[in-house]
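To keep things clear, I will list the structure first and then write my remarks on it.
The values are calculated or read from the model by the stated rules, or taken from the named source; none is laboratory data. For clarity, every value in this text was computed on a predicted model and none was experimentally measured. A quick note on method: Cβ atoms are made from the backbone with ideal geometry, for glycine too, and the neighbour counts reach across all protein chains shown. The area values use the complete protein model at the heavy-atom level, side chains included, leaving out ligands, DNA and RNA. Shrake-Rupley method; radii C 1.70, N 1.55, O 1.52, S 1.80 Å.
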Amino acid sequence: MSRSRRRRGNRPHIHKRTKPGTDPDVLVKDPSANPSTMQLIAYGPHDCAMIETVSVEKISEYLGHYPVTWLNINGLADTALIERLGKVFGLHRLALEDIVNTHQRAKVDEYDNGLFIVARMADLELRPVSEQLSMFVGENYVVTFQEEPGDCWLAIRERIRAGIGRIRHQGPDYLGYALLDATIDGYFPVLERVGERLDSLEDVVVASPTRKTLDELHAMKSELLMLRRTIWPHREAVSALMRESTPLIKDSTRVYLRDCYDHVIQINDLVETYRELTADLRDLYMSSVSNRINETMRVLTIIATIFIPVTFIASLYGMNFEYLPELKWRYGYPLALSLMAFTAIGMLFFFWRRGWLNASDDLPPPHREDR
């Protein structure tokens, strides 16, 4: 695959499956979507129930009987199931359309019976890609939709099961905060891996940069741009949750949302820092390559300069004119060789006295600002 095609492959693309002007009541599924499965967790201060596979009919048995009911759907292939859940929980049709169209940016929409939150979940394999997380927060329920099985919420499920901390004593707004906070914190391992790659690339750029190093820097630049586009909208979304005057979010939960907002700021700062460092490494790569070219040209120039007078002497004594001095002298040939050698050694000595032979040792190392 060519380098230009690899770079285009790192760019985000939006594939909208519905035609412009299509009624939002029609949900068009993605042919590549994963099969839909549902897991339910219902809990209160004193007990909880966890159902790995639940049907739509069973949901009503838990909804309203526990202070908080959390329904998680993995896979978006079953649009009929999503429509049925929309009727059970009273979800708005526009929100259901945003669920199946997974190119949404992070946002918060308020509807009559709940909040609709969209976030981007980091890849569990620490790749710079993300999947869409759609979340509904109501009076006594939280419904989450994921594109793929597997998430970063294992610790939250364990806290609910074991009754650790305050999560079992709080409402659905606190559960929504916990899920959103864990989703945002999932970017820290991704950025840690990016930082390690940048450290390795920095050592290579300083020691022995190659064309492959430049390709890796271009790939890193594209990855960081994707991360920035993914993470940046979370700042506005969490800020909107803090400002919303909805009764669904208690004042005690807004305190925790401020901490979540701080995490978003830290992640955005890290991404910007790594982007600047990537640009610095590219500049350092170009400087290193330019210095190596200059060093090669300096050596070639010295060699050519030494051979210019030697070539002149050889050409002068090779003209074979009739009355050329020393042409038939017995020691003419040794004299010409001695003159060439003396000229070359004299020029080398002159270059050494001027410091031109070890100029690279006197150059300061490339300057790089600390992160």
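Among what's in the range 308-325 and is at pLDDT 80 or above and surrounded by 15 or more Cβ atoms within 10 Å (Cβ to Cβ), pick the residue that is nearest to A341 (Cα to Cα). Among them, the one singled out is V310. The residues of the range 76-89 that are open to solvent by 20 Å² or more (accessible area, probe 1.4 Å) and either of a type in the set (K, R) or more than 23 Å from E61 (Cβ to Cβ) (or both), listed by number, are A77, T79, R84, K87.
Which one is surrounded by the fewest Cβ atoms within 10 Å (Cβ to Cβ) among residues in the range 240-288 that are under 19 Å from Q170 (Cβ atoms) and among the aliphatic types (A, V, I, L, M)? Filtering first and then ranking leaves V255. Scanning the range 90-108 for residues that are more than 27 Å from the chain's Cα centre (by Cα) and either in a loop (DSSP other than H, G, I, E, B) or surrounded by 17 or more Cβ atoms within 10 Å (Cβ to Cβ) (or both) yields G90, L91, H92, A95, L96, E97. Pairs are defined by a Cβ separation below 7 Å, a sequence spacing of at least 6 or placement on different chains, a first member in the range 182-209 that is touching a residue at least 40 places away in the same chain (Cβ under 8 Å) and more than 16 Å from L270 (Cβ to Cβ), and a second member that is open to solvent by less than 20 Å² (accessible area, probe 1.4 Å) and β-branched (V, I, T); the pairs so defined are L201/T213; V205/T213.
Results for (1) among the charged types (D, E, K, R); (2) closer than 30 Å to E158 by Cβ; (3) modelled with pLDDT of 90 or more, shown as yes or no for each residue.
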{"site": "P24", "(1), (2), (3)": "no, no, no"}
{"site": "M38", "(1), (2), (3)": "no, yes, yes"}
{"site": "Y43", "(1), (2), (3)": "no, yes, yes"}
{"site": "T53", "(1), (2), (3)": "no, yes, no"}
{"site": "L63", "(1), (2), (3)": "no, yes, no"}
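Only one of the listed residues (T311, T253, T305, T278) is over 29 Å from L224 (Cβ atoms), in contact (Cβ under 8 Å) with a residue 60 or more places away in the chain and among the β-branched types (V, I, T). That residue is T253.
Looking at the range 121-165, which of its residues are of a type in the set (K, R) and more than 16 Å from the chain's Cα centre (by Cα)?
Once the filter is applied, which keeps residues that are of a type in the set (K, R) and more than 16 Å from the chain's Cα centre (by Cα), the range 121-165 yields R157, R159, R161.
Would you be able to tell me the number of residues in the range 107-124 that are in contact with a His (Cβ under 9 Å, 6 or more places away or on another chain) and farther than 15 Å from E244 by Cβ? Residues meeting the conditions: 2.
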